[in-house]
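Undergrad: Following this message is one structure expressed as structure tokens.
The values are calculated or read from the model by the stated rules, or taken from the named source; none is laboratory data. From a predicted model like this one, the values you see are computed outputs, not experimental measurements. Reconstructed Cβ throughout: ideal geometry from the backbone, glycine too, with neighbour counts over all protein chains shown. Note: accessible area is taken over every heavy atom of the protein model, side chains too, but ligands, DNA and RNA are not part of it. Shrake-Rupley method; radii C 1.70, N 1.55, O 1.52, S 1.80 Å.
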Amino acid sequence: MVVEKQTKNKKQHSKKETFLCEELYVDIITSHALNKRQQLQISELVSQSLHVKKALLNIKIDPSLLGGFQLQIGSSLIDASVKEKLYQLQEVLGKVSLTELSSGAFDHLLKRLAEEKSVHPKVKQIGRVVSIKDGIVRVSGMKRTRAGELIDFSNKIKGIVFNLNPEYSDVVLLSNSSKLEEGDLAVQTGDVPKVFVGKELIGRVVNALGEPIDDAGELKATTKMPLEASVPGIIERQPVKIPFQTGIKVIDALVPIGLGQRELIVGDRQTGKTSLIIDSILNQKRVNEQAKSEKEKVYCIYVAIGQKQSTVAEVQRILQNEGAMAYTTIVLASASDMASLQYLAPFTGMTIGEYFRDQGMNAIVFLDDLSKHANAYRQISLLLRRPPGREAYPGDIFYLHSRLLERAAMMSDKKGGGSLTAIPVVETQEGDVSAYIPTNVISITDGQIFLESGLFHQGVRPAVNVGLSVSRVGSKAQRPLLAKISGSMKLDLSQYREMLSFAQIASDLEETTQELLRKGVRMTEVLKQKLHQPLSFEEEFISLYAVVKGYLSSMEPSDIPDFETKMLEQIRLNQPYLLEEINKASKLSTSLEKELDETLKELVSDYMDKKVKK
């Protein structure tokens, strides 16, 4: 028996002598110097835990830890410092309204936190900064990182992992790198970038990280959503069926948009792209006032990418004055912001919109504009030394915009029936829609509204080129009255534009051609619209009905804008019931059509008589 016990002791002793390695270097950071006894205790603890023969301590002093220590072994950091515990306590207490707590309740909260061990040493995966250049940080030592992961640096600096290599990772910073130095710690969060969402963002101006920049106090939002999320599948969607009323005649009649659609606005600089967006947002005030439930309301998110802050401030002023900020959020990544923030801004806007979509409500995201977004991504990719493709854009630029815009959807009734509509803007050079980014986004979206600089300078505003503009989905959601009256308008206008260029060089024209030109010029005048004066559906219908039915054929084209204004004023004042009936009707009844015809005849006759007397 004695021999057997001795043999067992020898075997156990031999097992204890098996080590993973002879020596292991461990970095330990403390708030104050350690005595020899403390060093020996820590060395023995590490040796036993990691099965090494000897743990060699590399001790550093950092008074900012306040107490405790940090232990770094390879790419792992065990943080048992007082500083980390205070930070964890701050995070926990940040979720509690301390002003509403009594002293007794606060004591109870602290006891509960102690019992649940909410504040405890934290194990972090870390790396070290190798180099910093143009907002790109190269980090070594992070062995378990993932693409798109959020990385924390010192001084509250954050970044996103873009490139992964066996020896290092490239991280794109989200703030100024002036306080960052080589050798600084990089901590993996194990999370992706998230932003606050919810109704608390309505009426606010936030940056690309969802942080308020409008001096209106802190956000009270508590819900966060990831910037990049999987898009809804086909089964979770339903066809576009509800119209999005922009209040702009030429769009609602000829290039209609439906909720859940993706409609591109494309054109040169200074052709009124942002003005279309502002007018569309302003028109939602009327829509929301008439809404019978929360699900019928429309919330707007305007994303400004690479624009001057003064331009966005002017947009905010217009929306504020018209009361449109009551249902609008502005996301700003200005021209002075880093390329990384300009890259993130559209994803922030879509994420904020997705909250409303998933809650069964309707949201419209205006992305102004994706050309600057593509430029920002190109800048980041070139700095990361990714191989350039056509026009120096990276090869995945199409995928970038497709996964962004694919999040727009009209959800099925089982999923709440909410919608997210995307209205991206792309800037062209000299009207060239065959450039790389315009063709990419045209192929992704469900149609485009093409603004032509030639029409703009001729005074046709909005300067929509009806021939090149199309809506492949929205026509199914167009209101029946407007669909019927505008059915032949697009063809007539396209023929008029072609015939107009021919008429300039021809001296003798047929009567049918002259009639086409007369009708076309009057249609063009009716489709003109003053800035920031969107019309209701019934007002649009009456204006278009008047020109299609030929009531304006005897009138000079230059008089049409004035007549239209007075006509709508008279009907609003004297026949408001007529507007109500048109708004409710899905089909023009004989009695309604007769009354509308008589009203228009009378108004045209009175206007012409007054014109003659003058």
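Undergrad: Within region 1-32, which residues are part of a strand (DSSP E or B) and either touching a helix residue (DSSP H, G or I) at 6+ places or on another chain (Cβ under 6 Å) or modelled with pLDDT of 80 or more (or both)?
TA: Across region 1-32, the qualifying residues are Val26, Ile28, Ile29, Thr30.
Undergrad: Now a separate question. Within region 460-477, restricting attention to residues that are aliphatic (A, V, I, L, M) and open to solvent by less than 30 Å² (accessible area, probe 1.4 Å), which residue is nearest to Pro557 (Cα to Cα)?
TA: Val460
Undergrad: Can you find even one residue in region 295-311 that is free of Cβ contacts under 8 Å to residues at least 12 places away in the same chain and either open to solvent by less than 10 Å² (accessible area, probe 1.4 Å) or of a type in the set (A, V, I, L, M) (or both)?
TA: No, the conditions are met nowhere in region 295-311.
Undergrad: Let me ask something additional. Assuming Gly148 fulfils every condition listed in (1) touching a Phe, Trp or Tyr at 6+ places or on another chain (Cβ under 9 Å); (2) free of Cβ contacts under 8 Å to residues at least 12 places away in the same chain apart from one, which condition is it?
TA: (2)
Undergrad: Out of (1) in contact with a Phe, Trp or Tyr (Cβ under 7 Å, 6 or more places away or on another chain); (2) at pLDDT 90 or above; (3) not β-branched (Val, Ile, Thr), the odd one out for Asp184 is which?
TA: Failed condition: (2).
Undergrad: Taking the criterion of being open to solvent by 50 Å² or more (accessible area, probe 1.4 Å), among the aliphatic types (A, V, I, L, M) and modelled with pLDDT of 95 or more, would at least one residue in region 365-382 satisfy it?
TA: Yes, the conditions are met somewhere in region 365-382.
Undergrad: Within region 33-130, which strands (runs of 3 or more DSSP E) (wholly inside it) include 2 or more residues that are of a type in the set (S, T, N, Q), exposed (fewer than 12 other Cβ atoms within 10 Å of the Cβ) and at pLDDT below 75?
TA: none
Undergrad: Which of the helices (runs of 4 or more DSSP H) found entirely inside region 288-405 contain at least 2 residues meeting this: over 19 Å from the mean Cα position of the chain (by Cα)?
TA: 309-321, 370-383
Undergrad: Any chance region 443-459 includes a residue that's acidic (Asp, Glu) and within 17 Å of Met350 (Cβ to Cβ)?
TA: Checked region 443-459: at least one residue is acidic (Asp, Glu) and within 17 Å of Met350 (Cβ to Cβ).
Undergrad: Given the criterion in contact with a Phe, Trp or Tyr (Cβ under 9 Å, 6 or more places away or on another chain), under 29 Å from Leu481 (Cβ atoms) and in a helix (DSSP H, G or I), identify the matching residue among Asp252, Asp279.
TA: From the options Asp252, Asp279, the qualifying one is Asp252.
Undergrad: Looking at region 372-412, which of its residues are at positive phi and in contact with a helix residue (DSSP H, G or I) (Cβ under 7 Å, 6 or more places away or on another chain)? Break it down stepwise before answering.
TA: At the first step, the residues of region 372-412 found to be at positive phi are 385, 391-392.
Once the filter is applied, which keeps residues that are at positive phi and in contact with a helix residue (DSSP H, G or I) (Cβ under 7 Å, 6 or more places away or on another chain), region 372-412 yields Glu391, Ala392.
A quick yes/no check of all residues on (1) of a type in the set (Asp, Glu); (2) touching a residue at least 12 places away in the same chain (Cβ under 8 Å):
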position: Asp215; (1), (2): yes, no
position: Ile235; (1), (2): no, yes
position: Pro239; (1), (2): no, yes
position: Ile242; (1), (2): no, yes
position: Lys249; (1), (2): no, yes
position: Gly260; (1), (2): no, yes
position: Glu263; (1), (2): yes, yes
position: Val266; (1), (2): no, yes
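Undergrad: Where residues in region 131-144 are open to solvent by less than 20 Å² (accessible area, probe 1.4 Å) and not in a strand (DSSP E or B), which of them is modelled with the highest pLDDT?
TA: Looking at the filtered set, the residue picked out is Gly135.
Undergrad: Something else now. With respect to Ser558, is the statement that it is open to solvent by 20 Å² or more (accessible area, probe 1.4 Å) and farther than 30 Å from Ile242 by Cα true?
TA: Considered against the rule, which asks whether it is open to solvent by 20 Å² or more (accessible area, probe 1.4 Å) and farther than 30 Å from Ile242 by Cα, Ser558 comes out as yes.
Undergrad: Output the residues belonging to region 169-223 that are surrounded by 16 or more Cβ atoms within 10 Å (Cβ to Cβ), among the polar types (S, T, N, Q) and assigned to a loop (DSSP other than H, G, I, E, B).
TA: Passing the criteria: Ser175, Ser177.
Undergrad: Which count do you get for residues in region 229-284 that are under 17 Å from the mean Cα position of the chain (by Cα) and modelled with pLDDT under 95?
TA: 4
Undergrad: Check off (1) within 38 Å of the chain's Cα centre (by Cα); (2) open to solvent by less than 20 Å² (accessible area, probe 1.4 Å) for Ile571 and give me the number that stays unchecked.
TA: (1) is the only condition that Ile571 fails.
Results for (1) over 27 Å from Ala363 (Cα atoms); (2) among the polar types (S, T, N, Q); (3) buried (at least 19 other Cβ atoms within 10 Å of the Cβ); (4) modelled with pLDDT under 95, shown as yes or no for each residue.
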residue: Glu406; (1), (2), (3), (4): no, no, no, no
residue: Met410; (1), (2), (3), (4): no, no, yes, no
residue: Leu420; (1), (2), (3), (4): no, no, yes, no
residue: Val425; (1), (2), (3), (4): no, no, yes, no
residue: Glu430; (1), (2), (3), (4): yes, no, no, yes
residue: Ser434; (1), (2), (3), (4): yes, yes, no, yes
residue: Ile442; (1), (2), (3), (4): no, no, no, no
